[in-house]
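Taking it in order: structure first as C-alpha coordinates, then the write-up.
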Amino acid sequence: LRDARTHLQRTPWGVTCAMKGDRVAGLVQLDPERDAEDNAGYIPFYYMAPGPRGTHVAVQMLGHAVSHFRKLGRDKLRLRCAPYNDRAQYFYKKYGFSKIGEEVGSRVPLDIMEKYIGYDR
(Lines give C-alpha, C1' and ligand atoms only; values in the text may rest on other atoms or scores of the structure.)
Protein backbone atom coordinates (compact mmCIF):
# COMPACT_ATOMS: atom_id res chain seq x y z
CA LEU A 1 0.00 0.00 0.00
CA ARG A 2 2.88 2.35 0.80
CA ASP A 3 4.42 1.71 -2.63
CA ALA A 4 1.08 2.29 -4.35
CA ARG A 5 0.69 5.65 -2.60
CA THR A 6 4.22 6.62 -3.60
CA HIS A 7 3.54 5.79 -7.25
CA LEU A 8 0.30 7.76 -7.16
CA GLN A 9 2.23 10.78 -5.93
CA ARG A 10 4.61 10.47 -8.91
CA THR A 11 1.87 10.12 -11.52
CA PRO A 12 -1.94 9.97 -11.50
CA TRP A 13 -1.53 6.72 -13.45
CA GLY A 14 0.60 5.11 -10.72
CA VAL A 15 -2.28 2.78 -9.87
CA THR A 16 -5.16 2.04 -12.22
CA CYS A 17 -8.27 0.08 -11.34
CA ALA A 18 -10.03 -1.75 -14.17
CA MET A 19 -13.77 -2.20 -13.84
CA LYS A 20 -16.10 -4.80 -15.31
CA GLY A 21 -19.53 -3.31 -14.85
CA ASP A 22 -19.71 -2.16 -11.23
CA ARG A 23 -17.06 -4.60 -9.98
CA VAL A 24 -13.31 -4.26 -9.69
CA ALA A 25 -11.78 -6.47 -12.38
CA GLY A 26 -8.11 -5.78 -11.75
CA LEU A 27 -5.37 -3.41 -10.68
CA VAL A 28 -2.13 -2.39 -12.32
CA GLN A 29 0.58 -0.37 -10.59
CA LEU A 30 3.23 1.50 -12.61
CA ASP A 31 6.63 2.62 -11.36
CA PRO A 32 8.22 5.24 -13.65
CA GLU A 33 11.55 5.22 -11.78
CA ARG A 34 12.51 1.56 -11.31
CA ASP A 35 14.56 0.25 -14.26
CA ALA A 36 14.42 3.67 -15.94
CA GLU A 37 18.21 3.49 -16.43
CA ASP A 38 17.55 0.54 -18.78
CA ASN A 39 14.85 2.54 -20.60
CA ALA A 40 12.25 0.15 -19.19
CA GLY A 41 8.91 0.80 -17.56
CA TYR A 42 8.30 -1.33 -14.50
CA ILE A 43 5.05 -2.94 -13.34
CA PRO A 44 5.41 -3.79 -9.62
CA PHE A 45 1.84 -5.08 -9.23
CA TYR A 46 -0.59 -6.59 -11.73
CA TYR A 47 -3.70 -8.35 -10.48
CA MET A 48 -6.84 -9.74 -12.05
CA ALA A 49 -9.83 -10.71 -9.93
CA PRO A 50 -10.82 -14.35 -10.53
CA GLY A 51 -14.25 -13.60 -12.05
CA PRO A 52 -13.18 -11.40 -14.99
CA ARG A 53 -10.16 -13.52 -15.96
CA GLY A 54 -10.36 -14.50 -19.61
CA THR A 55 -12.51 -11.48 -20.56
CA HIS A 56 -9.68 -9.44 -22.14
CA VAL A 57 -9.61 -6.87 -19.36
CA ALA A 58 -6.07 -7.98 -18.46
CA VAL A 59 -4.76 -7.21 -21.94
CA GLN A 60 -6.42 -3.78 -21.78
CA MET A 61 -4.53 -3.07 -18.55
CA LEU A 62 -1.33 -4.21 -20.26
CA GLY A 63 -2.11 -1.83 -23.12
CA HIS A 64 -2.55 0.97 -20.59
CA ALA A 65 0.94 0.27 -19.21
CA VAL A 66 2.44 0.21 -22.72
CA SER A 67 0.79 3.54 -23.60
CA HIS A 68 1.91 5.16 -20.37
CA PHE A 69 5.55 4.09 -20.67
CA ARG A 70 5.81 4.85 -24.41
CA LYS A 71 4.84 8.44 -23.62
CA LEU A 72 7.85 8.50 -21.30
CA GLY A 73 10.07 7.25 -24.15
CA ARG A 74 10.54 3.74 -22.77
CA ASP A 75 11.09 0.86 -25.17
CA LYS A 76 10.73 -2.04 -22.74
CA LEU A 77 8.23 -3.17 -20.14
CA ARG A 78 9.38 -5.23 -17.15
CA LEU A 79 7.77 -7.12 -14.33
CA ARG A 80 8.45 -10.01 -11.98
CA CYS A 81 6.43 -13.23 -11.96
CA ALA A 82 6.64 -16.38 -9.88
CA PRO A 83 7.85 -19.24 -12.10
CA TYR A 84 5.19 -21.53 -10.63
CA ASN A 85 2.32 -19.13 -11.47
CA ASP A 86 1.40 -20.99 -14.66
CA ARG A 87 -1.60 -18.83 -15.55
CA ALA A 88 0.35 -15.56 -15.28
CA GLN A 89 3.39 -17.03 -17.04
CA TYR A 90 1.15 -18.14 -19.93
CA PHE A 91 -0.49 -14.71 -20.16
CA TYR A 92 2.79 -12.79 -20.16
CA LYS A 93 4.40 -15.07 -22.76
CA LYS A 94 1.29 -14.90 -24.95
CA TYR A 95 1.63 -11.11 -25.01
CA GLY A 96 5.32 -10.99 -25.80
CA PHE A 97 7.15 -11.16 -22.48
CA SER A 98 10.17 -13.40 -22.11
CA LYS A 99 12.30 -14.28 -19.12
CA ILE A 100 15.51 -12.24 -18.98
CA GLY A 101 16.70 -13.24 -15.51
CA GLU A 102 15.79 -14.09 -11.95
CA GLU A 103 15.26 -11.73 -9.03
CA VAL A 104 18.12 -11.93 -6.57
CA GLY A 105 17.38 -11.76 -2.85
CA SER A 106 13.59 -12.04 -3.00
CA ARG A 107 11.59 -14.04 -0.44
CA VAL A 108 10.25 -16.31 -3.19
CA PRO A 109 11.62 -17.22 -6.62
CA LEU A 110 10.72 -14.59 -9.22
CA ASP A 111 11.41 -14.47 -12.94
CA ILE A 112 12.28 -11.09 -14.40
CA MET A 113 10.23 -10.76 -17.58
CA GLU A 114 10.51 -8.17 -20.31
CA LYS A 115 8.56 -7.10 -23.40
CA TYR A 116 9.78 -4.79 -26.16
CA ILE A 117 7.36 -1.88 -26.62
CA GLY A 118 9.38 0.38 -28.94
CA TYR A 119 8.50 1.26 -32.51
CA ASP A 120 11.65 0.37 -34.45
CA ARG A 121 11.35 -3.44 -34.82
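The values are calculated or read from the model by the stated rules, or taken from the named source; none is laboratory data. Quick caveat, the model's predicted, so the values are computed rather than measured. Cβ atoms come from the backbone with ideal geometry, glycine included; neighbour counts cover every protein chain shown. Heavy atoms of the whole protein, side chains included, go into the accessibility calculation; ligands, DNA and RNA do not. Shrake-Rupley method; radii C 1.70, N 1.55, O 1.52, S 1.80 Å.
Here are some notes:
- Net charge of the neighbourhood of residue 111, taken over other residues with C-beta under 9 Å away and scored Lys/Arg +1, Asp/Glu -1, is 0.
- Cα-based shape type of the stretch 14-121, given that a ≥ b ≥ c are square roots of the gyration tensor eigenvalues and the cut on a/c is 1.5: oblate
- Working from label points 7 Å from Cα in the Cα-to-Cβ sense, the residue 39 to residue 100 distance is 1.1 nm.
- In summary, the lysines within cross-link reach of residue 20, defined as a Cα separation below 27 angstrom excluding same-chain residues under 8 places away, comprise 71, 93, 94, 115.
- Per residue solvent-accessible surface (Å²) - the chain, probe of 1.4 Å: 62
- Set of the stretch 49-66 residues, backbone N closer than 14 Å to the point 7 Å along the Cα-Cβ line of residue 24: 49-52
- Cα-based reach from residue 99 at 13 Å (exclusive), listing aspartates and glutamates while leaving out same-chain residues under 8 positions away: 111, 114
- Relative contact order %, the chain, counting alpha carbon pairs below 8 Å whose residues are six or more apart: 19
- Accessible-area composition of the chain, carbon plus sulfur, in percent [1.4 Å probe]: 51
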